[in-house]
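Asks: Handing you this structure, nothing more for now.
Every number in this text was worked out from the coordinates using simple rules, so none of it is lab data. It should be emphasised that the depicted structure is a prediction, and the values quoted were computed from it without experimental measurement. All Cβ positions, even for glycine, are placed from backbone atoms using ideal geometry, and neighbour counts span all protein chains on display.
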Amino acid sequence: MTHALLEAADLRRHYKVRAGRGPFSAKATLRAVDGVSLKIEAGRTLGLVGESGCGKSTTGKLVLGLIPTTAGTVRYAGNDMPPAGSTAWRALRPRMQMVYQDPLGALDRRLPVGVQIMEPLAIHGQASLAERRERAAEVMTAVGLQRHQFDRYPHELSGGQRQRVVLARALMTEPDLLVCDEPISALDVSIQAQVVNLLLDLQERMGIAYLFISHDLRVVRQVSHEVAVMYLGRIVEQGEAESLFAQPAHPYTRALISAIPVLGPRRKRLLLQGDPPNPVDVPSGCAFHTRCPFAVAQCRAQTPVLRPLADGRQVACHRVDEPALQVAA
Amino acid sequence: MTVPLVEIAGLTVDFGNDGRSRAVDGVDLSIAPGEALGIVGESGSGKSVTWLAALGLLPARARVGGSVRLEGRQLVGAPVRLLESVRGKRIAMIFQDPSSCLNPVHRIGRQLGEALKLHRGLGGATAETEALRLLDQVGIADAKRRLGDYPHQLSGGLNQRIMIAMALAGQPDLLVADEPTTALDATIQAQILALLAGIRRDTGMALVLISHDLGVVAENVNRVAVMYAGRLVEEGLGQDLFGAARHPYTQGLLAALPTLTGPRRHLAAIPGAVPEPGKAPAGCSFAPRCPLAEPRCMSEPPASRRVGLLHRAACHLQIEPGFSAWNLPKAAE
């Protein structure tokens, strides 16, 4: 195959907001996503990481067309994504599904889970009721649910089982792409491992591609082939997962990775000062310069673009090539 | 050994009208002055309830049994007056979500002032000076302006710093931090944990750090207790517990954790889920999920045994250090 399964170029999503409080304060633009390009190959996983408010969930919704883009294009299997809501888009939707963080919020509490698992086929007008039932039973087995749980209600299941139901529902239409938005953040550690293993197993068996959105870097490393790191609506570093985690190039990636508490001997930590800036009032130049320990005058004035490193990784930092930065690491 | 600051013995907590929903089931723990103890466990393991019970903060329908002693004085069933002199002044507690613990309609300064008046009887200019000092201690720049702010004007990280400042207002001997960084972003979590470590170094205060994140606990405390379904399953020094865990549950938690370095490996997932309160099995509560469970594990609750220096585990099996239940072929299924 020559085309990537999903290719997004220069995605932007801006919101008009009030800068201050009250209805008469000045208008401002919140750049939730500001020029994000990404590519997912069939059967592969792109991990999207960043702190809350960096635009990673918005990016996930943009690539599926769940919210309109301000600018930018999305191509699916080599063709332009049809406008959201059109017949062509609806015909494409079974191919890509979304899995949310909170399984209880994503399920209808008043319907047995089996009915909810069958629903995507009903919506997309595929198969008779008997076929839907059969397919639901198959998918439930695939995600590790028991057949007798078909008639259970969401509140009767544990958190891990509910997330399996959400996954089963997403798998009903045999999608090529799953956008998983923090799929395991609401689960306990021992249950997280169950769901992570299930996701990896499903990918191996069915060749599904994932856009895996998470703030948990350990889990992202576990599941991803490629990783993109977002900060205030932009990708600051993107590349092959193994090398990105082993040798983060962007100071923000480095800080994120060094912030993860570890069990083994402690490493030297790159502790950032302050909070991420307000996305309505993004700093000039490199948005990270206000918290970056390596920032120089150029960082305040000029916005860095993503540039390839020798190993094929893309990094948006003015000082990435400087030896001084590498020594400080 | 030094005299413990807090000694919990046989603590039980029952919820529900029939009292059959046991959330905490015979916990024994002690904390020395100035010590940092981590409590690890999944949701519903009773790690928070233990401390809420110790401070008498549970609703009336909860029945608390056993004993919690603060320097020898019994806190379980103690009169409200005694508890009020303990809460905040001797033992302070901070919680996961700072913005829901702060009063949204009062300014930060007023809320801090209230804590200072209650615990230290400070008022007026003295209280303000002390409030500014506390904000400075928790690393808040521009403290004077912050006193006039409302909680919603501050970020989650700043609000957690305010909560820590309020907890420090009573100059407690022990700070119980219940998932203090769970609601925060990774870089902010690192800041808050560094702050707590710094305060402990400066004041000699003891710390109980409750978390579901083994990494957070490993980096910030000397001794760790692991809870499962209301019971303490293993307790030991950090390096022993994480390097040579003896209880299959602790081993399972470690094997389930993806790493940041080294080759990627298949995660060992503990099958099943934590039993609901009151539905714990008769024997060892972990038996239904344990790859090593024997018939007696189902019927007999295991007693806590000493397995090394300051290292205890509650398991019928004598698991050797280095042996992991989760490397067995049976566990891989």
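Asks: For chain A, which span is the longest to avoid every loop-located (per DSSP) member of trypsin sites (Lys or Arg not before Pro) having at most 13 other Cβ atoms inside 10 Å? Please list the in-between numbers first.
Replies: Values: sites that count: A:Arg21, A:Arg109, A:Arg110, A:Arg266, A:Arg267, A:Lys268.
It runs A:111-265.
Asks: What does the convex hull of the Cα atoms come to per residue for the protein assembly as shown, in Å³?
Replies: Numbers: hull volume 121.5 nm³, N = 662.
So the per-residue Cα hull volume is 184 Å³.
Asks: So how far apart, in nm, are the two label points at B:Ala60 and A:Glu41 if each is 7 Å from Cα heading toward Cβ?
Replies: A separation of 6.7 nm, rounded to one decimal place.
Asks: If you don't mind, there's one more thing I want to ask. For the residues B:His152, A:His250, A:His289, B:His266, what sequence is obtained by ranking on other C-beta atoms within 10 Å, fewest first? Walk me through the numbers on the way to the answer.
Replies: Working: B:His152 10, A:His250 28, A:His289 22, B:His266 13.
Least crowded to most crowded, the residues run B:His152, B:His266, A:His289, A:His250.
Asks: Pop the C-beta distance of A:Ala71 and A:Ser243 into the FRET formula with R0 = 22 Å and round what comes out to the nearest 0.05. Don't skip to the answer; put the middle values down first.
Replies: Details: r = 31 Å, r/R0 = 1.41.
The formula returns an efficiency of 0.10 here.
Asks: While we're here: Taking +1 at the Cβ of each Lys and Arg and -1 at the Cβ of each Asp and Glu, which of B:Ala280, B:Gly322, B:Cys297 sits farthest along the dipole of region B:246-332 towards its positive end, judged by Cα position relative to the Cα centre?
Replies: The residue sitting farthest along the positive end of the dipole is B:Gly322.
Asks: One quarter of the convex hull surface, Cα atoms only: what value does that give for region A:6-328 in nm²? Intermediate results must be reported in sequence, preceding the final value.
Replies: Values: hull surface 75.9 nm².
The Cα convex hull of region A:6-328, projected and averaged over all directions, gives 19.0 nm².
Asks: Can you give me the C-alpha center-to-center distance between region A:257-307 and region A:1-32, rounded to a whole angstrom?
Replies: The two parts, judged by their Cα centres, are 21 Å apart.
Asks: Can you figure out the FRET efficiency of A:Val280 with B:His152, using R₀ = 22 Å and their beta-carbon distance, to the nearest 0.05? Spell out each step's value before the answer.
Replies: On the way: r = 16 Å, r/R0 = 0.71.
Calculated transfer efficiency: 0.90.
Asks: Hey, got the average number of other protein chain Cβ atoms within 10 angstrom for residues in B:259-265? Walk me through the numbers before you get to the answer.
Replies: Details: counts 8, 14, 7, 2, 1, 7, 1.
That average works out to 6.
Asks: Do any GluC sites (Glu not before Pro) in region B:36-86 lie in a DSSP loop with no more than 14 other beta carbon atoms within 10 Å, and if so, which?
Replies: Those that pass, being in a loop and sparsely packed, are B:Glu71.
Asks: Sum -39500 (n - 2.57) across every DSSP H segment of at least 4 residues in chain A, then divide by the residue count to get the 222 nm mean residue ellipticity, nearest 500.
Replies: -9000 deg cm²/dmol
Asks: Could you give the length gained on full extension between B:Thr126 and B:Ala141, defined as 0.36 nm per residue of separation minus the Cα-Cα distance, in nm?
Replies: Details: separation 15, 0.36 × 15 = 5.40 nm, distance 1.99 nm.
So the chain would gain 3.4 nm between B:Thr126 and B:Ala141.
Asks: Tell me, how many Å apart are the Cα centres for region B:36-73 and for region A:73-136?
Replies: 45
Asks: Treat region B:246-332 as a sphere of radius equal to its Kirkwood radius over Cα pairs and apply Stokes-Einstein at 25 °C in a medium of 0.890 mPa s; give the translational diffusion coefficient in µm²/s, rounded to a whole number.
Replies: Working: Rh = 14.0 Å.
It diffuses with D of about 175 µm²/s by this estimate.
Asks: Also, I was wondering about something else. Show that you can apply the helix-only estimate: for chain B, add -39,500 (n - 2.57) for every DSSP H stretch of four or more residues, divide by all residues, and state [θ] at 222 nm to the nearest 500. Could you put the intermediate results ahead of the total?
Replies: Values: 13 runs with 113 residues, N = 333.
Computed mean residue ellipticity for chain B: -9500 deg cm²/dmol.
Asks: To the nearest 20 debye, what charge dipole does region B:246-332 have about its Cα centre, counting +1 at the Cβ of each Lys and Arg and -1 at the Cβ of each Asp and Glu?
Replies: On the way: 10 positive and 4 negative charges, 33 e Å.
Once rounded to the nearest 20, the dipole reads 160 debye.
Asks: Let a ≥ b ≥ c be the square roots of the eigenvalues of the Cα gyration tensor of region B:1-139; is it rounded (a/c under 1.5), or, if not, prolate (a/b larger than b/c) or oblate?
Replies: On the way: a/c = 1.97, a/b = 1.65, b/c = 1.20.
It comes out prolate by the Cα gyration axes.
Asks: Mind checking the mean number of beta-carbon atoms from other chains within 10 Å of the Cβ atoms in B:236-249?
Replies: Details: counts 0, 0, 1, 3, 0, 1, 3, 2, 0, 0, 0, 0, 0, 1.
Per residue, the average neighbour count from other chains is 1.
Asks: Tally Lys and Arg at +1 and Asp and Glu at -1 over the other residues with C-beta under 14 Å from the C-beta of B:Lys144: what net charge comes out? If you can, show how the numbers build up before the last one.
Replies: On the way: positive: B:Arg107, B:Arg133, B:Arg145, B:Arg146; negative: B:Glu128, B:Glu130, B:Asp136, B:Asp142, B:Asp149.
Charge balance in the 14 Å sphere: -1.
Asks: If you fit an axis through the alpha-carbon atoms of helix B:124-137 and take the longest principal axis of the Cα set of chain B, what angle between them do you get, 0 to 90°, nearest 10?
Replies: Roughly 40 degrees between the two axes.
Asks: Over 5 Å intervals from 0, what percent of Cα-Cα pairs in region A:95-211 sits in each interval?
Replies: Result returned by the calculation: 2, 12, 25, 26, 23, 10, 2, 0.
Asks: Here is a follow-up. Averaging over every viewing direction, what projected area does the convex hull of the Cα atoms of chain B cover, in nm²? Walk me through the numbers on the way to the answer.
Replies: On the way: hull surface 72.8 nm².
Mean projected area of the Cα convex hull: 18.2 nm².
Asks: A further question follows. With the Cα gyration tensor of region B:35-89 giving a ≥ b ≥ c as the square roots of its eigenvalues, does the rule (a/c under 1.5 for rounded; else a/b larger than b/c for prolate; else oblate) give rounded, prolate or oblate?
Replies: Numbers: a/c = 1.98, a/b = 1.32, b/c = 1.50.
Oblate, since a/c reaches 1.5 and b/c is not below a/b.
Asks: Given +1 on the Cβ of Lys and Arg, -1 on the Cβ of Asp and Glu, and no further charges, what dipole in debye does the protein assembly as shown carry about its Cα centre, rounded to the nearest 20? Working shown, then result.
Replies: Details: 73 positive and 62 negative charges, 228 e Å.
Dipole of the protein assembly as shown, to the nearest 20 debye: 1100 debye.
Asks: To the nearest 0.05, what FRET efficiency results for B:Gln74 and A:Val115 with a Förster distance of 35 Å applied to their C-beta separation? If you can, show how the numbers build up before the last one.
Replies: Values: r = 54 Å, r/R0 = 1.55.
Step by step, r from the Cβ atoms, then E = 0.05.
Asks: Here's something else I'd like to know. Can you list residues from other chains, or at least 5 along the same chain, whose modelled amide H is less than 5 Å from the amide H of B:Val24?
Replies: Residues meeting the criterion, in which the H sits 1.01 Å from N, are B:Val13.
Asks: Moving to a separate point now. When only Cα pairs under 8 Å and 6 or more residues apart are kept, what is the percent relative contact order across chain A? Walk me through the intermediate numbers first.
Replies: Values: 603 pairs, mean separation 64.5, N = 329.
About 20 percent, as a whole number.
Asks: What does DSSP give for the protein assembly as shown in terms of the percent of beta bridges that are antiparallel, rounded to the nearest 5? Display every interim value, and only then the final one.
Replies: Working: 56 of 93 bridges.
That works out to approximately 60 percent antiparallel.
Asks: Right, something else. Picking from B:Gly34, B:Met93, B:Gln111, whose Cα lies most toward the positive end of the charge dipole for region B:1-121 (charges on Cβ: Lys, Arg +1; Asp, Glu -1)?
Replies: After comparing all options, I get B:Gln111.
Asks: Rg and Dmax of region A:187-250, using alpha carbons, in Å: what are they?
Replies: Values for region A:187-250 (Cα only, Rg and Dmax): 12.8, 36 Å.
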